[in-house]
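Engineer: Sharing a structure here in structure tokens format.
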Amino acid sequence: MIEQYTSINKKLDELFNGHPAADEKLRQASKFMDAVKELIELCGDDPYRDGLQETPYRVLKAFLEYTEGYREDPKAHLEKTFEVDHRELVLVKNIEFHSLCEHHFAPFYGVAHVGYIPNEKITGLSKIARMVEGYAKRFQVQERLTTQIAEAVEEILEPKGTMVVIEAKHMCMCGRGVKKSNAMTTTSSVRGLFSDRSDLRSEFLSLLQR
Ligand SMILES: [Zn+2]
């Protein structure tokens, strides 16, 4: 047990090595891991049995991964732009993402479709995927995720119009609560020309069907 304790302490040190507030992070991490132990007991299991001993550390590490987006500015990915003559819709479909519902800390995941009508600037297609990832890896609700993506495109690319559609499955609706395992939630956010023109929204949606 002592051996295991030391090995986890070592891993924790590595996790926060070089962080400007490493001591504070270590203190929070150890309180959090104690709380996970309490939770395991509260749920009716033994936190010291074999399979669960390192679980508090694993949960901590997983949460730091789920929330990597807090430690970056996702819209900065869009800042590498190119000037082009293209004035028609650019649509990046089926950008997979995994996020965490802020109400239950349960995963929700699905695809984002991001489209914009350039004004002068376009960005790399992979940059849009990275930006989506940055906003997804936070405590989220699907509605805010959709809005943040649309606003990032608006702010950095200054396009004539932006449209974002997200389709996702929420584990907090599947494994618990109402237990509807096939329910999908669709959200959309439109800006600029897309707000005014239904023909552009239809074009976007018909491209999604293909
Ligand atoms: Zn939820």
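Engineer: How much of R176 can a 1.4 Å solvent probe reach, expressed as accessible area in Å² and rounded to 10?
Structural biologist: 110 Å²
Engineer: Would you mind counting up the charge near C101? Only other residues with Cβ under 12 Å from its Cβ, with Lys and Arg at +1 and Asp and Glu at -1.
Structural biologist: +2
Engineer: Mean 1/r over all different Cα pairs, inverted: what Kirkwood radius does the chain give, in Å?
Structural biologist: Value: 19.5 Å, from the Cα pair sum.
Engineer: Turning to a different aspect of this structure: Mind ranking V84, V178 by accessible surface for me, highest first, 1.4 Å probe?
Structural biologist: Numbers: V84 45, V178 95 Å².
Of V84, V178, the descending order of accessible area is V178, V84.
Engineer: Here is a further query. Each label point is 7 Å from the Cα along the Cα-to-Cβ direction; what then is the distance between the points at V84 and E155, in nm?
Structural biologist: About 2.3 nm separates the two model spin labels.
Engineer: Highest mean first, how do 109-115, 9-15 rank when packing is the count of other Cβ atoms within 10 Å averaged over residues?
Structural biologist: Those peptides, ordered most packed to least, come out 109-115, 9-15.
Engineer: Can you figure out the FRET efficiency of E102 with D23, using R₀ = 41 Å and their beta-carbon distance, to the nearest 0.05? All intermediate terms of the calculation are to be shown ahead of the outcome.
Structural biologist: Values: r = 28 Å, r/R0 = 0.68.
My answer for the efficiency is 0.90.
Engineer: Hey, what did segment 74-209 get for relative contact order, percent, Cα under 8 Å, at least 6 apart?
Structural biologist: Relative contact order of segment 74-209: 26 percent.
Engineer: If you count, for each residue, the other Cβ atoms within 10 Å and average over each peptide, how do 76-83, 147-154 line up from highest to lowest?
Structural biologist: Ranking, from highest mean packing down: 147-154, 76-83.
Engineer: Through the Karplus equation 6.51 cos²θ - 1.76 cosθ + 1.60, θ set to phi - 60°, convert the phi angles of segment 194-199 into ³J(HN,Hα) values in whole Hz; use x for Gly and Pro.
Structural biologist: 5, 6, 8, 10, 5, 5
Engineer: Ratio of Rg to Rh for segment 2-66, alpha carbon only, Kirkwood?
Structural biologist: Value, to two decimals: 0.98.
Engineer: At 7 Å along the Cα-to-beta-carbon direction for both E120 and E41, put a label point, then send me their distance in nm to one decimal.
Structural biologist: 6.4 nm
Engineer: Now for a different question. Output wanted: per-residue J couplings in Hz (rounded whole) for segment 16-26, from phi through Karplus 6.51 cos²θ - 1.76 cosθ + 1.60, θ = phi - 60°, x for Gly and Pro.
Structural biologist: 10, 3, x, 5, x, 10, 4, 4, 5, 4, 5
The values are calculated or read from the model by the stated rules, or taken from the named source; none is laboratory data. The structure presented is a predicted model; accordingly, all values stated were derived computationally and were not measured. Cβ: placed from backbone, ideal geometry, glycine included. Neighbour counts: every protein chain shown. Please note that ligands, DNA and RNA were not included when accessible areas were found on the heavy atoms of the full protein model with its side chains. Shrake-Rupley method; radii C 1.70, N 1.55, O 1.52, S 1.80 Å.
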